[in-house]
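What follows is a set of notes on a single structure, which appears directly below.
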Amino acid sequence: MRNLLLGIAALAMFATPATGQSVGKTLGKVELDGFTQTGARSYDDLVGRTVLIEFFAYW
Amino acid sequence: MPHLNELDEKYASRGLSVIALTSEGAGQTEKWIEQNGAKYGYAYDKGGKLSRELGVSGIPNAVLVNPAGKVVWQGGPTGLTDDVIEQHLGGALATPVFEMPKEASAVAKSLRARSFAKAISAADGLQDPSLKQSLEAMVAAQIEALKAAHADGDFLTASETAKRLAKEMNGLDAGVEAKAIAAEIGKDSAAKRVMKGQKAVRKLQDAPVKQPKDAAELIKKLRKIESKFEGTIAARDAADYRGRLEDMMRR
């Protein structure tokens, strides 16, 4: 049981995003669908803007 | 994510666009957006392609991208402070292309095509000079960022950016400067060596870290890069990433 709990803890730790993992990368072509509540219809419409992307899920 | 409503409201007119992304289906997502009073824009990252490209392995995860398309900050949303956002608004267009007035449609079209010379030329004919000034400030900020990367010895970023800007800014003095920097790096054997190290670090950053042994293996390889490229940005990048992996191991 202890090993199982340790295993779960280790998996949880490695599921945590490493802060700054992609810092320094330049985005290539970004393909997204279904833009809603914004006038943008594609990522190209955000050209010249500073963009805050937040990944989320409903659950 | 009420904080996104606040950030959107506070910084949209200063050049920030907020976009929330999910890989989930529309039905549940739309319900969630409505129930949580989210007013910001959102879109779907089908199959999680962008999420994978950015190394997102847990959510929520915030990524700040500057006007040149470079990731300047990533982490848990609560860690993103106003100071960080404000640091990266320099050179951002105050008005996004989809909100530009009808008379500026030629500017918007050229911007979408990433032809900055044509965009500035089209803005020159407008009665309101602010759009042209904003475009010139954006071009200047991107060239300054390129020069800073070059001066810092970040040759990989400088080389990739210079090649892209030479194309996007073709017809402008800034395009000539970008082309000259790309050519200079291309002839510099020491810069090429550093870029080799930077590419090696980038490859390790893209490798999946699913278990502690993966992190341990990466740490070993990063130490080798630190030693081989000592005193260069490749060693610094390797040490930074090693530090983050070690923090993860300790947690």
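The values are calculated or read from the model by the stated rules, or taken from the named source; none is laboratory data. For clarity, every value in this text was computed on a predicted model and none was experimentally measured. Note that we place each Cβ from the backbone using ideal geometry, even for glycine, and neighbour counts take in every protein chain shown.
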Check your understanding: Could you list, in sequence order, the residues of the stretch B:120-156 that are farther than 24 Å from B:Ile181 by Cβ, hydrophobic (A, V, I, L, M, F, W, C) and within 23 Å of the chain's Cα centre (by Cα)?
Key -> B:Leu131
Revision key, fill the gap. Apart from one, (1) outside the structural domain of B:Leu16 (by TED's automatic domain parsing); (2) in contact (Cβ under 8 Å) with a residue 40 or more places away in the chain all hold for B:Ser105; the odd one out is (2)
Check your understanding: Any chance the stretch B:157-172 includes a residue that's surrounded by fewer than 18 Cβ atoms within 10 Å (Cβ to Cβ), among the hydrophobic types (A, V, I, L, M, F, W, C), modelled with pLDDT of 95 or more and assigned to a helix (DSSP H, G or I)?
Key -> no
Exercise for review: Would you check which residues across the stretch B:1-42 are more than 7 Å from chain A (Cβ to nearest Cβ), among the small types (Gly, Ala, Ser) and either touching a strand residue (DSSP E or B) at 6+ places or on another chain (Cβ under 6 Å) or surrounded by 17 or more Cβ atoms within 10 Å (Cβ to Cβ) (or both) and list them?
Suggested key: B:Ala12, B:Ser23, B:Ala38
**Study point:** Whichever residue in the stretch B:63-97 is without any contact (Cβ under 8 Å) to a residue 60 or more places away in the chain, among the polar types (S, T, N, Q) and more than 16 Å from B:Glu6 (Cα to Cα) and, among such residues, is surrounded by the most Cβ atoms within 10 Å (Cβ to Cβ)
**Key:** B:Gln74
Exercise for review: Search the stretch A:34-47 for residues that are free of Cβ contacts under 8 Å to residues at least 12 places away in the same chain and at the interface with chain B (Cβ under 7 Å from one of its Cβ atoms) and pair each with any residue that is surrounded by 19 or more Cβ atoms within 10 Å (Cβ to Cβ) and β-branched (Val, Ile, Thr) when their beta-carbon atoms are under 6 Å apart and the residues are at least 6 apart or on different chains.
Suggested key: A:Asp45/B:Val97
**Study point:** Failed item, numbered, when B:Lys49 is tested on (1) closer than 24 Å to B:Glu160 by Cβ; (2) at pLDDT 95 or above
**Key:** (2)
Check your understanding: Does B:Ala108 meet the test of being part of a helix (DSSP H, G or I), at the interface with chain A (Cβ under 9 Å from one of its Cβ atoms), of a type in the set (Gly, Ala, Ser) and crowded, with 16+ Cβ neighbours inside 10 Å?
Key -> yes
Review point. Can you find a residue in the stretch B:214-236 that is part of a helix (DSSP H, G or I), in contact (Cβ under 8 Å) with a residue 40 or more places away in the chain and within 14 Å of another protein chain (Cβ to nearest Cβ)?
Key: yes
Check your understanding: Would you call B:Glu177 assigned to a helix (DSSP H, G or I) and either within 14 Å of chain A (Cβ to nearest Cβ) or loosely packed, with under 14 Cβ neighbours inside 10 Å (or both)?
Key -> no
Point to revise | Pick from the stretch B:180-211, criterion among the polar types (S, T, N, Q) and part of a helix (DSSP H, G or I), ranking: farthest from the other protein chains (Cβ to nearest Cβ) | key: B:Ser189
Study note, to complete from the structure: Residue pairs within 6 Å by beta carbon, gap of at least six or interchain, first lying in the stretch B:43-56 and at the interface with chain A (Cβ under 7 Å from one of its Cβ atoms), second part of a helix (DSSP H, G or I) and among the small types (Gly, Ala, Ser), listed first then second, are B:Asp45/B:Ser51
Review point. Residues B:Asp214, B:Asp240: which one is modelled with pLDDT under 90, of a type in the set (Asp, Glu) and not assigned by TED's automatic domain parsing to the domain that holds B:Asp154?
Key: B:Asp240
Check your understanding: Can you find even one residue in the stretch A:43-50 that is surrounded by fewer than 19 Cβ atoms within 10 Å (Cβ to Cβ), more than 18 Å from B:Lys49 (Cα to Cα), out of contact with any Ser or Thr (no Cβ under 7 Å at 6 or more places or on another chain) and not polar (S, T, N, Q)?
Key -> no
Practice item. May I ask you to list the residues in the stretch B:111-131 that are surrounded by fewer than 22 Cβ atoms within 10 Å (Cβ to Cβ), part of a helix (DSSP H, G or I) and modelled with pLDDT under 95? Key: B:Arg112, B:Asp124, B:Ser130
